Amino acid sequence: MRSNINRRDFLKLFGAAAIGFGFRDFPPGGDPAGKRPPSFRLGRTIYSIRYYDRSSESGKELGFYNRDAVVEILEERLGEPKPTQNSIWLRTKDGWMRSSFVQPVQEQTNEPLDKIPNGGALMEVTVPYTQAWSIGDQGWKRMYRCYYGTTYWVTYAFTGVNGSRWYQIFDERYRELFAVDATHLRPIKAEELSKISPDVTDKHIEIYLKRQRFTAFEYGKPVFTTPTATGVFEGDTPLGEFRVERKTPSRHMASNLEGNEFDLPGVPWVCYIAWTGVSFHGTYWHNNYGTPQSHGCINLTPEAAKWVYRWTDPFVPADENYLEADRGTRVIVYDT
């Protein structure tokens, strides 16, 4: 039976879920026009994006940002809605643009480790993007960009000819090692991956497709909720009851199927619920939560996905990068 959320539970839940998870819900607060300070200060344009003199595509087009432009966000507001994209618009020094394909990012460099522990270390990218390189007999070759919030298993650290420090990351799709600027990756500490609510024996998750909502429950009471983005077409995200059956903190997801092609390295905090590959995980290739967007997976912000990864069973120790279980946390997907 679907759990009910009373007003007191909702207010408690909203306060827990709204902290640090990308775009906040409208309302509460703010002026009647829906203006408010931005929930993040820097954004990376995931595609080429047009900007306008007001928060509407019927406004005057002032220009466009190329893909992977990093821009300062000055304000956000509810603007002109669109069936396939959320209604939140962002103001930069140049104009207004839709938020749907602007990734919230930070620009933080790190002190490189001198040595990587035996077995490797899990790390995350802390800059808008950094370049991965393949090193061979013909020199260095560009591979792909590693984007903010993505995670990788680092196996080795070394110093380049110019004295710069580099990490080797293992790519499980190509079965190769690539080099990445070590100052752009942050080691994830074991305490960051400690289990949330370890003594709770009754946990489950409900996903509501029409509402595009993800809610976690303990003993039937909601403890976390966040917008999600599920499959675009009917049946992409299957209905019914599932279990978290496999987990990994990093995955290079890719498909060569015609009409369903994608190539996404470093997908963070992956929890599989079906043998077909349906999972919930962090997302960096859109910011369109609240609207169906995926090929079938349950997309979450990286921050929300990390919380879910830590909260659900099976629990993955910090020094492991994959775990399977028969009786993971229960997941129910509703068509409501």
Taking the range 226-279, which residues are of a type in the set (Asp, Glu) and touching a Lys or Arg at 6+ places or on another chain (Cβ under 8 Å)?
Glu241
Across the range 160-203, the tally of residues that are among the hydrophobic types (A, V, I, L, M, F, W, C), touching a residue at least 60 places away in the same chain (Cβ under 8 Å), more than 25 Å from Thr312 (Cα to Cα) and not in a strand (DSSP E or B) stands at 1
Would you mention how many residues in the range 88-107 are free of Cβ contacts under 8 Å to residues at least 40 places away in the same chain and either in a loop (DSSP other than H, G, I, E, B) or closer than 18 Å to Tyr147 by Cβ (or both)?
1
Scan the range 54-68 residue by residue and report those that are under 28 Å from Thr130 (Cβ atoms) and buried (at least 16 other Cβ atoms within 10 Å of the Cβ).
Tyr65
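Would you check if Ala157 is crowded, with 16+ Cβ neighbours inside 10 Å, of a type in the set (Gly, Ala, Ser) and outside any loop (DSSP other than H, G, I, E, B)?
Here the answer is yes, as Ala157 does meet what is asked.
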Being assigned to a loop (DSSP other than H, G, I, E, B) and modelled with pLDDT of 95 or more: is that true of Arg54 here?
yes
Please give the number of the condition Ile205 fails out of (1) touching a helix residue (DSSP H, G or I) at 6+ places or on another chain (Cβ under 9 Å); (2) surrounded by fewer than 19 Cβ atoms within 10 Å (Cβ to Cβ); (3) more than 18 Å from Pro249 (Cα to Cα).
(2)
I'm told Thr130 meets every condition in (1) more than 30 Å from Ala182 (Cβ to Cβ); (2) among the β-branched types (Val, Ile, Thr); (3) in contact with a helix residue (DSSP H, G or I) (Cβ under 8 Å, 6 or more places away or on another chain) except one. Can you identify the failing condition by its number?
(1)
Return yes or no: is Asp335 touching a residue at least 40 places away in the same chain (Cβ under 8 Å), acidic (Asp, Glu) and more than 30 Å from Pro187 (Cβ to Cβ)?
yes
In the range 59-75, is there at least one residue being at pLDDT 95 or above, among the acidic types (Asp, Glu), under 21 Å from the mean Cα position of the chain (by Cα) and part of a strand (DSSP E or B)?
yes
Considering residues of the range 322-336 that are under 12 Å from Tyr272 (Cβ atoms) and of a type in the set (A, V, I, L, M, F, W, C) only, the residue surrounded by the fewest Cβ atoms within 10 Å (Cβ to Cβ):
Ala325
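The values are calculated or read from the model by the stated rules, or taken from the named source; none is laboratory data. It should be emphasised that the depicted structure is a prediction, and the values quoted were computed from it without experimental measurement. Using ideal geometry, Cβ is built from the backbone for each residue, glycine included, and neighbour counts are taken over all protein chains shown.
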